Amino acid sequence: MNALDRQLKRIGQVFGKEEPPEVKEKTLKIFLKHLKQNVEFPCMLTGSEDFEWEEFYILGPGSKKEHERLKKTNASYLDTFELIDFEYDPSGDEGIHAQVRRLSDKKIFILPLDYLKVKPRKSKNFDLINDYGVWFVNYR
């Protein structure tokens, strides 16, 4: 069994199924409960990819200087965060969010969980958060 098959099996087990179900309100709430019961604290996170506001500066014509200035007030995928709690987006469009505290200045942000990954990779929490992101992105 390859790594992807093992991951999909793990995700399915969250729901008591052999394969991951579609992302819906009910399944999001089940995954949220799973995360709340299994994530160990402290849990450190960083961006898994650039955040939406940063695309203009990372991939587009935006200036590096402006990006550096805006990172002072906005969460950046380059930041390190401490997980405070999880929140459910009642509209379901953005799934589960993470309430986080940026380590550098202690500012609090609410970020889509699928935009985050656990640091370090060897942490028990890595698979839990990564499994959510893979499921949320691929099964809605």
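The values are calculated or read from the model by the stated rules, or taken from the named source; none is laboratory data. The structure presented is a predicted model; accordingly, all values stated were derived computationally and were not measured. Ideal geometry is used to build each Cβ from the backbone, glycine not excepted, and the neighbour counts take in all protein chains shown.
Modelled with pLDDT of 95 or more and either among the hydrophobic types (A, V, I, L, M, F, W, C) or under 18 Å from ASN130 (Cα atoms) (or both): is that true of MET1 in this structure?
no
Find all pairs meeting these conditions: Cβ atoms under 7 angstrom apart; at least six residues apart or on different chains; first residue within segment 41-64 and without any contact (Cβ under 8 Å) to a residue 60 or more places away in the chain and within 18 Å of SER104 (Cβ to Cβ); second residue of a type in the set (Gly, Ala, Ser) and surrounded by 10 or more Cβ atoms within 10 Å (Cβ to Cβ).
GLU54/SER76
Quick one: would you say GLY95 is surrounded by fewer than 16 Cβ atoms within 10 Å (Cβ to Cβ), under 24 Å from TYR139 (Cα atoms) and not acidic (Asp, Glu)?
Spelling it out, it is not the case that GLY95 is surrounded by fewer than 16 Cβ atoms within 10 Å (Cβ to Cβ), under 24 Å from TYR139 (Cα atoms) and not acidic (Asp, Glu).
Of all residues in segment 118-129 being within 19 Å of ASP50 (Cα to Cα) and either acidic (Asp, Glu) or surrounded by fewer than 19 Cβ atoms within 10 Å (Cβ to Cβ) (or both), which is modelled with the highest pLDDT?
The selected residue is PHE126.
Taking segment 9-56 only, how many residues are in contact with a Pro (Cβ under 6 Å, 6 or more places away or on another chain) and crowded, with 17+ Cβ neighbours inside 10 Å?
First, the residues of segment 9-56 that are in contact with a Pro (Cβ under 6 Å, 6 or more places away or on another chain): 11-12, 15, 27.
Retained after the next criterion (residues that are crowded, with 17+ Cβ neighbours inside 10 Å): 11, 27.
Number of matching residues: 2.
Given the structure, is ARG69 in a helix (DSSP H, G or I), farther than 19 Å from VAL137 by Cβ, at pLDDT 95 or above and of a type in the set (Lys, Arg)?
When the stated conditions are applied, ARG69 passes them.
Which residues, taken from segment 117-128, are of a type outside the set (D, E, K, R), under 10 Å from MET44 (Cβ atoms) and within 12 Å of the chain's Cα centre (by Cα)?
Step one: filter segment 117-128 for residues of a type outside the set (D, E, K, R), giving 118, 120, 123, 125-126, 128.
In the following step, the residues that additionally are under 10 Å from MET44 (Cβ atoms) were identified as 118, 120, 123, 125.
Listed by number, the residues that qualify are VAL118, ASN125.
For (1) closer than 22 Å to ASN125 by Cβ; (2) over 13 Å from the mean Cα position of the chain (by Cα), each residue gets a yes or a no:
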site	(1), (2)
ALA3	yes, yes
LEU8	yes, yes
GLU19	no, yes
HIS34	yes, yes
GLY62	no, yes
HIS67	no, yes
LYS71	no, yes
GLY95	yes, no
ARG102	yes, yes
